[in-house]
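Worksheet for the structure shown next.
The values are calculated or read from the model by the stated rules, or taken from the named source; none is laboratory data. Every value quoted in this text rests on a predicted model; they were computed, and no experiment measured them. FYI the Cβ positions are ideal-geometry reconstructions off the backbone, even for glycines, and counts take in every protein chain you see. Please note that ligands, DNA and RNA were not included when accessible areas were found on the heavy atoms of the full protein model with its side chains. Shrake-Rupley method; radii C 1.70, N 1.55, O 1.52, S 1.80 Å.
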Amino acid sequence: MEINIVNVQENYIDDIFAIESKEIIVPWSKDALLSLIRKQNIIFRVMLLDDEVIGYYSFQKVFDEGYINNIAIKREYQSKGYGTKLFEDLIERAHKFEVNALTLEVEVDNDRAIKLYKKFGFKEEGRRKNFYLNKKDAIIMWLR
């Protein structure tokens with residue numbers, strides 16, 4: 001089995017949207033995902049296991065900071081190290097594009113994601129009350 005992480009092309013959007021719809025509380029629309037491909041300040045990458053899309057991420061560069069829009073791994077591949085590999089690529093890309101700090105929001109109950117982010121040095125720096133449609137709070141995390 002071969003793992004590749006590459007820039008997103010339009011032909012990956014249906015697979016990304018399928019993962020997004022299952023794994024993300026408030027999923028982005030296909031049009032919104034497509035729009036990320038066309039923006040200059042967006043890094044949007046997909047993880048392929050052989051030829052299957054199993055994960056993706058995107059972040060937006062604003063000056064020397066990056067805002068992580070989304071990151072997800074297909075459910076059947078979670079807790080197998082793929083999220084770590086994907087996040088390593090994200091951090092590497094951030095450094096390549098001279099991003100000195102990264103931020104994201106994560107649902108307060110998403111223990112698996114919070115553990116991954118902390119593994120990479122992210123720290124909780126705030127909360128957004130009732131941030132998600134299910135009225136759960138979001139933890140604001142930063143890597144500086």
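Values as computed for the structure displayed
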{"quantity": "Sequence of 93, 144, 112 when ordered by accessible area, the most exposed leading, probe 1.4 angstrom", "calculated": "144, 112, 93"}
{"quantity": "Relative contact order (%) - criterion: Cα under 8 Å, at least six apart; region: the chain", "calculated": "19"}
{"quantity": "Ellipticity estimate at 222 nm from DSSP helix runs (n ≥ 4, -39,500 (n - 2.57)) divided over the chain, nearest 500", "calculated": "-9000 deg cm²/dmol"}
{"quantity": "Simple Cβ-charge dipole of region 22-98, Lys/Arg +1 and Asp/Glu -1, about Cα centre, in debye nearest 20", "calculated": "180"}
{"quantity": "GNM top mover of 101, 32, 113 - the chain, alpha-carbon springs below 10 Å", "calculated": "32"}
{"quantity": "Cross-link reach list, lysines versus residue 119, counting only Cα pairs under 19 Å and skipping chain neighbours closer than eight places", "calculated": "80, 85"}
{"quantity": "Residue among 7, 67, 97 farthest towards the positive dipole end of the chain, charges placed on Cβ", "calculated": "67"}
{"quantity": "Simple Cβ-charge dipole of the chain, Lys/Arg +1 and Asp/Glu -1, about Cα centre, in debye nearest 20", "calculated": "560"}
{"quantity": "Region 7-73 - percent relative contact order, Cα under 8 Å, separation 6 or more", "calculated": "29"}
{"quantity": "Residue 21 accessible area, assembled protein chains, probe 1.4 Å, Å²", "calculated": "50"}
{"quantity": "Distant-in-sequence amide H partners of residue 55 (H built 1.01 Å from N, under 5 Å)", "calculated": "47, 74"}
{"quantity": "Of 40, 78, 60, the one that fluctuates the most in a GNM where the chain has Cα springs shorter than 10 Å", "calculated": "40"}
{"quantity": "Surface share of carbon and sulfur [accessible, 1.4 angstrom probe, percent] for region 75-121", "calculated": "45"}
{"quantity": "Accessible surface of residue 99 - all protein chains present, 1.4 Å probe, nearest 10 Å²", "calculated": "10"}
{"quantity": "Vicinal HN-Hα couplings computed from phi for region 120-132 (Karplus, 6.51 cos²θ - 1.76 cosθ + 1.60; Hz; Gly/Pro x)", "calculated": "8, x, 5, 10, 5, 10, x, 9, 10, 5, 6, 5, 9"}
{"quantity": "Dipole moment magnitude, nearest 20 debye, region 87-144 about Cα centre, only Lys, Arg, Asp, Glu C-beta charged", "calculated": "180"}
{"quantity": "In Å², nearest 10: area of residue 52 left accessible to a 1.4 Å probe", "calculated": "60"}
{"quantity": "Gyration tensor (alpha-carbon) shape descriptor, region 41-97, a/c threshold 1.5", "calculated": "prolate"}
